[in-house]
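I have placed the structure first, in the form of structure tokens, so that the comments after it can refer back to it.
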Amino acid sequence: LLMDLAISVSNGIKWWGIATTQTGVLYVNFELDQWEVKERQSKILAAKQEGNLDQLDILNLKGVPVDVESLRSILRRKLNGKSYGLLIFDPVYKIYGERCENSATDMADLMNHIGAIIKEFKAAVVFVAHQSKGLQSRKETRDRIAGSGVFVRDPDSLVYLTEHKKEGCFVVSRILRSFPPQD
């Protein structure tokens, strides 16, 4: 999902039928081995049948203990002289450090650091957070995310994916702070 977004935005091509604006993208990978990243990129490019990786950089930090403060320092070194319009952190829980996902105070602190990254690097930030366990379709959209409600109140835009009863399908729900609802 996020690699597809990264490739789409870095090429200015549609993502899930939504127009994107082309910009440089830095994908900060905390979860996959480098070979897995390359394999996913190849599969996505083949499926899209357009685009390239020219404006997409990957920062592989799998197995590197990083919290949001040290990530900011790493970004300062990595971005020295480079400009990206989009930074993707996948997944966000890897930069919690000692913070507790269920603590509103801890998650507000994390979101404040992410907000500072947005301002400092003049880039949008996208991250993935996981839903809580159990059947999600019976919950209000805002109540599906795991951990503190700060994850729902702080971001400007939220996209939720929920399993559909039809196998291989899912329901997309969006909450947009500054824009009208969309089908």
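The values are calculated or read from the model by the stated rules, or taken from the named source; none is laboratory data. Predicted model, so just to flag it, every value in this text is computed and none were measured. A quick note on method: Cβ atoms are made from the backbone with ideal geometry, for glycine too, and the neighbour counts reach across all protein chains shown. Ligands, DNA and RNA are excluded from the accessible area calculation, which covers all protein heavy atoms including side chains. Shrake-Rupley method; radii C 1.70, N 1.55, O 1.52, S 1.80 Å.
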Hits in segment 68-93 - residues which are over 24 Å from Gln55 (Cβ atoms) and crowded, with 20+ Cβ neighbours inside 10 Å: Val68
Test: residue in segment 103-111 that is outside any loop (DSSP other than H, G, I, E, B), closer than 19 Å to Leu59 by Cα and of a type outside the set (Phe, Trp, Tyr): no
Cβ-Cβ distance below 7 Å, separation of 6 or more or different chains: which pairs start in segment 24-39 with a residue that is farther than 11 Å from Leu86 by Cα and end on one that is in a strand (DSSP E or B) and open to solvent by less than 10 Å² (accessible area, probe 1.4 Å)? Val37/Asn29
When you check Asp90 against the structure, is it touching a Leu at 6+ places or on another chain (Cβ under 6 Å), closer than 20 Å to Val128 by Cα, modelled with pLDDT under 95 and among the acidic types (Asp, Glu), yes or no? yes
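Could you list all residues from segment 171-183 that are in contact with a Leu (Cβ under 9 Å, 6 or more places away or on another chain), surrounded by fewer than 11 Cβ atoms within 10 Å (Cβ to Cβ) and more than 14 Å from Val152 (Cα to Cα)? Steps first, please.
Just the residues of segment 171-183 that are in contact with a Leu (Cβ under 9 Å, 6 or more places away or on another chain), to begin with: 171-177, 182.
Subset that is surrounded by fewer than 11 Cβ atoms within 10 Å (Cβ to Cβ): 177, 182.
Selection gives Gln182 alone.
Only one of Leu45, Leu53, Leu32 is part of a loop (DSSP other than H, G, I, E, B), aliphatic (A, V, I, L, M) and farther than 16 Å from Asp90 by Cβ; which? Step through it out loud before you land on a result.
On the way: Leu45 fails: part of a loop (DSSP other than H, G, I, E, B); Leu32 fails: farther than 16 Å from Asp90 by Cβ.
Matching residue, one of Leu45, Leu53, Leu32: Leu53.
Answer yes if at least one residue in segment 128-146 is closer than 29 Å to Lys82 by Cα, in contact with a strand residue (DSSP E or B) (Cβ under 9 Å, 6 or more places away or on another chain), surrounded by 13 or more Cβ atoms within 10 Å (Cβ to Cβ) and at pLDDT 75 or above, and no otherwise.
Here is the first cut: in segment 128-146, the ones closer than 29 Å to Lys82 by Cα are 128-129.
Checking which are in contact with a strand residue (DSSP E or B) (Cβ under 9 Å, 6 or more places away or on another chain) leaves us with 128-129.
Pick out the ones that are also surrounded by 13 or more Cβ atoms within 10 Å (Cβ to Cβ) and you get 128-129.
Filter again for at pLDDT 75 or above, leaving 128.
There is at least one residue in segment 128-146 that is closer than 29 Å to Lys82 by Cα, in contact with a strand residue (DSSP E or B) (Cβ under 9 Å, 6 or more places away or on another chain), surrounded by 13 or more Cβ atoms within 10 Å (Cβ to Cβ) and at pLDDT 75 or above.
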Out of all the residues in segment 67-80, is one or more in contact with an Asp or Glu (Cβ under 6 Å, 6 or more places away or on another chain) and in a helix (DSSP H, G or I)? no
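Looking only at segment 81-103, how many residues end up being more than 19 Å from Asp67 (Cα to Cα), more than 11 Å from the chain's Cα centre (by Cα) and in contact (Cβ under 8 Å) with a residue 40 or more places away in the chain? Break it down stepwise before answering.
Of the residues in segment 81-103, the ones more than 19 Å from Asp67 (Cα to Cα) are 81-86.
Of the ones still in play, those that are also more than 11 Å from the chain's Cα centre (by Cα) are 81-85.
From what is left, the residues that are in contact (Cβ under 8 Å) with a residue 40 or more places away in the chain are 82-85.
Count: 4.
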Out of everything in segment 147-176 that is within 17 Å of the chain's Cα centre (by Cα) and assigned to a loop (DSSP other than H, G, I, E, B), what residue ends up being modelled with the lowest pLDDT? Gly147
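Based on this model, can you work out whether Ile114 counts as outside any loop (DSSP other than H, G, I, E, B), closer than 22 Å to Val66 by Cα, open to solvent by less than 30 Å² (accessible area, probe 1.4 Å) and at pLDDT 70 or above?
Values: outside any loop (DSSP other than H, G, I, E, B): yes; closer than 22 Å to Val66 by Cα: yes; open to solvent by less than 30 Å² (accessible area, probe 1.4 Å): yes; at pLDDT 70 or above: yes.
Spelling it out, Ile114 is indeed outside any loop (DSSP other than H, G, I, E, B), closer than 22 Å to Val66 by Cα, open to solvent by less than 30 Å² (accessible area, probe 1.4 Å) and at pLDDT 70 or above.
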From the set of residues in segment 1-43 that are open to solvent by 30 Å² or more (accessible area, probe 1.4 Å) and β-branched (Val, Ile, Thr), which is nearest to Ile74 (Cα to Cα)? Thr23
Here are the criteria: (1) open to solvent by 80 Å² or more (accessible area, probe 1.4 Å); (2) modelled with pLDDT under 95. Tell me which single one Asp54 does not satisfy. (2)
So, in segment 156-170, exactly how many residues are touching an Asp or Glu at 6+ places or on another chain (Cβ under 9 Å) and either among the small types (Gly, Ala, Ser) or open to solvent by 80 Å² or more (accessible area, probe 1.4 Å) (or both)? 1
